[in-house]
Amino acid sequence: MASAGAPETAGQRASVRARIAAAAPWVVRVAVGLTLLHLLDDGFRHGFAEVLLPAAAAVAIALGFPLLRPGLQAWVAFVYGAVAALDAGVHVSHLSRGGAFGLADLTGFLHAAGGIALLVVAAAIALRPKERRPPGRRWLVRIGAVVGTLATVLFLVYPLFLASYAVHKPSVRVDDATLGVPHEEVTLHTSDGLDLAASYVPSRNGAAVVLVHGAGGDRAGSIASRARMLARHGYGVLLYDARGCGNSDGRPENLAWTWPRDVRAALDYVASRPDVEAGKIGALGLSSGAETLLEAAADDRRIAAVVAEGAQAHTFAEARALPGGDGVEAVLVLGPAVAAYAALSLQLPPEPIQEQLPRIAPRPVFLIAADTSYEHAATELYRDAATGPVELWWPEDTPHTGGLKAHPREYEQRVIAFLDDALL
């Protein structure tokens, strides 16, 4: 006996399938149109080179969708729809951080709406009336669908969203008064033609420190508290918005593979300052900024000392070198995420940090890690790879890049003592 509301005859079931088959390609085309609208806005703001690949993939899906079998159609609509729908979270986050609502947010929400429509299409195709099957086979298909959906979310949707978020997170403008100490507003010029907004506190002791914030942040975030701490001790301080962040030019690049170019621009500026003596430039970075400075110091000897707080792994090779790096999460989640990020950013990953660290010697490095096994493992890896002097501190009960907030007096004493010894 047929269940209530279900088509009772083979003809009725076929009619429902036909209506779904006719409507689904149109929904896909509308969703692709909204994706292209969002990419067009992104291209006008940051350049069209990076949006060509996702645009081509979206068009290929629209053209090829009617040619696919229903099961594959449902899978494609689910993957595409989930990634697009999650884009709403990116723009909600932007607005919640104080960003002004603009065209990027509008097209982002429309893009997400198209993604939600695709999820409905995926569900309609998956749940469409089917030909009668034996109960055993019917349950095997259902279990396979559940397992396949979970695997798709974990190993495809999640990595694709991470990569998209890393090159797509909108910036929030920085108020010049945020720093809270007397400073000059300056502009840095990178080797690839970008202008970076920066703040400089003049030196009173002949030394200066370049500060680099973490991924998705800017100079108004937690890096500003480090600037105030250093300024109290007479250090010149340069902190800036990395490319695509705050008030700086460029596309967001939140795995920081190109950030060493920003550091070189910062060093060019500090080295030209009359208040800074030669050989007395240090650097302090948080999270992705810490990883960036370890890379930059390997190739630029103007950095006389590095404080790296919260350095983790920002390439697949670095993650694989950590304990458990050959596990499922590293290989099947991080691997696709890094590959997608490389394709979307049009950048190749840098040389692993553990292979660059020996080039920093004999200049000193101070590694600070959060109270987590993952950061402990990363800092141990980098300490063991270094051939010069390395100081390592694992403060207890400390979250990621939370050393100054959790242990203000000890943090200040340790960091200032390290820099004083290295620079003064």
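The values are calculated or read from the model by the stated rules, or taken from the named source; none is laboratory data. Every value quoted in this text rests on a predicted model; they were computed, and no experiment measured them. Backbone-built Cβ (ideal geometry, glycine too); neighbour counts: all protein chains shown. Heavy atoms of the whole protein, side chains included, go into the accessibility calculation; ligands, DNA and RNA do not. Shrake-Rupley method; radii C 1.70, N 1.55, O 1.52, S 1.80 Å.
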Subject >> Rg to Rh, two decimals, where the chain supplies the alpha carbon set and Rh follows Kirkwood >> reply: 1.08
Original post:
So which aspartates and glutamates pass the test for K405, namely a Cα distance under 14 Å, with those fewer than 8 places away in the same chain ruled out?
Top reply: E309, D371, E396, D397
Subject >> Solvent exposure of region 346-397 as accessible area per residue, Å², 1.4 Å probe >> reply: 47 Å²
Original post:
Which whole-angstrom value gives the distance between the alpha carbon centres of region 109-150 and region 196-246?
Top reply: 51 Å
Subject >> Percent carbon-and-sulfur accessible area, the chain, ignoring ligands, DNA and RNA, probe 1.4 Å >> reply: 63 percent
Original post:
When only Cα pairs under 8 Å and 6 or more residues apart are kept, what is the percent relative contact order across region 331-397?
Top reply: 35 percent
**OP:** Within 10 Å, count the other beta carbons around each residue, average over each peptide in 353-360, 191-198, and list them highest first.
**Re:** 353-360, 191-198
Original post:
Using Cα atoms only, what is the angle between the long axis of helix 408-423 and the major principal axis of the chain, expressed in degrees (0 to 90) to the nearest 10?
Top reply: 60 degrees
**OP:** Sort out for me the Cα centre separation of region 9-44 from region 400-417, rounded to whole Å.
**Re:** 54 Å
**OP:** Would you mind getting the accessible area per residue of region 206-261, heavy atoms of the protein chains only, 1.4 Å probe, in Å²?
**Re:** 19 Å²
**OP:** At a temperature of 25 °C and a viscosity of 0.890 mPa s, determine how fast region 152-288 diffuses translationally according to Stokes-Einstein, using the Kirkwood radius over alpha-carbon pairs as Rh; express D in µm²/s, rounded to the nearest whole number.
**Re:** 160 µm²/s
Subject >> Enclosed volume per residue, in Å³, of the convex hull spanned by Cα atoms of region 367-424 >> reply: 70 Å³
**OP:** Read phi for every residue in region 82-89 and hand back ³J(HN,Hα) as whole Hz from Karplus 6.51 cos²θ - 1.76 cosθ + 1.60, θ = phi - 60°, with x for Gly and Pro.
**Re:** 5, 5, 5, 5, 5, 4, 4, x
